[in-house]
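Have a look at the structure below before the remarks.
The values are calculated or read from the model by the stated rules, or taken from the named source; none is laboratory data. Since this is a predicted model, take the numbers as computed values, not measurements. We place every Cβ from the backbone using ideal geometry, glycine too, and count neighbours over all the protein chains shown.
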Amino acid sequence: CPPHKPPARYWQELPDKGKDEKDEEKPLPQKDQQTQKAKKRKQQEDQRDGKKFKSDPFPGPAPLSKERVQKFKRKDKAKRPRNQHFKLRDIMKRSDEASEMSQKQAARFDILLPEDAGFLEGDEDEDTCTISQEDIAEAVDITSGTKYFNLKLSQFGPYRVDYTKTGRHLLLGGRRGHVACIDWQSKHLMCEINVMESVNDVKWLHSEAMYAVAQKKWLYIYDSNGIELHCIRKFNDVLRMQFLPYHFLLATASATSFLQYLDVSVGKEVAAFCTKMGRLDVMCQNPHNAIIHLGHPNGTVTLWSPNQKEALVKMLCHQGGVRSVTVDKTGTYMVTSGLDKKLKVYDIRAFKPLKSYFLPAGASCLSLSQRGLLSAATGDVVQVTIASTPNSD
């Protein structure tokens, strides 16, 4: 071969041809050769089967039914006229695409929203009264199972029960004088006393530090240790109580037909009204506007406010005496039960009946839960129905 011409500059050095040839001739390690052969073999097999790569057994997004997508439909697609500016047309197109995508995403995540929680639903031929509390506690998760507890109170009943606004502390009052405060989450007994006379009702005040007890003659205030703080003799023969947390008022209904309001911050009577309708043993409050609802033996329900001496509204709800009244948390619907064995649902906004049901034995006590479930007690049987909407059965 002809000799190489020497470089004109020092940076124009000739490549080391011998070194490169040595590097090219250097053999690969045995492991790398095996892996390369395996890759080639696999590619040949895939090409022989007509597959370039491993395919997804479930390609594309999960299918959605039209009913689930229609549930989250927000708007119809906007009609785009022909003579429209191209920028506005693109904006409308992107808006429709975003709305459709959000609609599908909401339908996919609908299964994660437990909207029907809070009640027990049996099978078609299954009676829910045969399911015991122990079976429910075993079937639910550990956190919910720890909330189940059982108190055997067979000596001083029947009992009146009240929870604090936080739902942590439980107050019990037995007809034969037994009063107890319990932190039911930790199962800690805060206090337990016997007042040695009949107890008509118990009610927590603004905190778990104090509670009121309507005893045989007068109204008493106790602290969480069971120490008597006040004896209010102006409130005599009290049968039912309701505490208004945002007004610091304790409303009491007595056997002498008086409705009285006590300001618990200063311990003075704010208002007192004589309803002139006999014994007041049915009472509840509207949690939305703090109006007191009273049930009377002549079948009427009256609404009261401490600002007016007369009843705000008088409603004839039943042909017999009213046994129980309750109002939902939105202040929209009122449910009543009477001696005529009927259960009625009223719209308080229009003061009109929406539904009327006949119960074979009547309902002595009614209560609405935060999830819109109505419980009606008849003796030792409690019936729970879905009453979140006026159209529900």
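Quick grid of which residues meet (1) without any contact (Cβ under 8 Å) to a residue 24 or more places away in the chain; (2) in contact with a Leu (Cβ under 8 Å, 6 or more places away or on another chain); (3) of a type in the set (Ser, Thr, Tyr):
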| site | (1), (2), (3) |
| --- | --- |
| Leu171 | no, no, no |
| Arg176 | yes, no, no |
| Ala180 | yes, yes, no |
| Glu192 | no, no, no |
| Glu197 | yes, no, no |
| Asn200 | no, yes, no |
| Trp204 | no, yes, no |
| Ser207 | no, no, yes |
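A count restricted to the stretch 114-150 and to residues that are surrounded by 12 or more Cβ atoms within 10 Å (Cβ to Cβ) and either modelled with pLDDT of 90 or more or closer than 28 Å to Gln242 by Cβ (or both) stands at 3. Would you say Val345 is hydrophobic (A, V, I, L, M, F, W, C), modelled with pLDDT of 90 or more and either more than 29 Å from Ser132 (Cα to Cα) or in a loop (DSSP other than H, G, I, E, B) (or both)? Yes: the conditions hold for Val345. Restrict the check to the stretch 205-225 and report whether at least one residue is modelled with pLDDT under 95, more than 27 Å from the chain's Cα centre (by Cα), surrounded by 14 or more Cβ atoms within 10 Å (Cβ to Cβ) and among the hydroxyl-bearing types (Ser, Thr, Tyr). Looking through the stretch 205-225, at least one residue is modelled with pLDDT under 95, more than 27 Å from the chain's Cα centre (by Cα), surrounded by 14 or more Cβ atoms within 10 Å (Cβ to Cβ) and among the hydroxyl-bearing types (Ser, Thr, Tyr).
From the list Asp76, Asp96, the lone residue that is of a type outside the set (Lys, Arg), within 41 Å of the chain's Cα centre (by Cα), surrounded by fewer than 10 Cβ atoms within 10 Å (Cβ to Cβ) and at pLDDT 65 or above is Asp76. Please determine, by comparing only the residues of the stretch 294-333 that are of a type in the set (D, E, K, R) and surrounded by fewer than 20 Cβ atoms within 10 Å (Cβ to Cβ), which one is nearest to the chain's Cα centre (by Cα). Step by step, filter the stretch 294-333, then rank; the result is Lys329.
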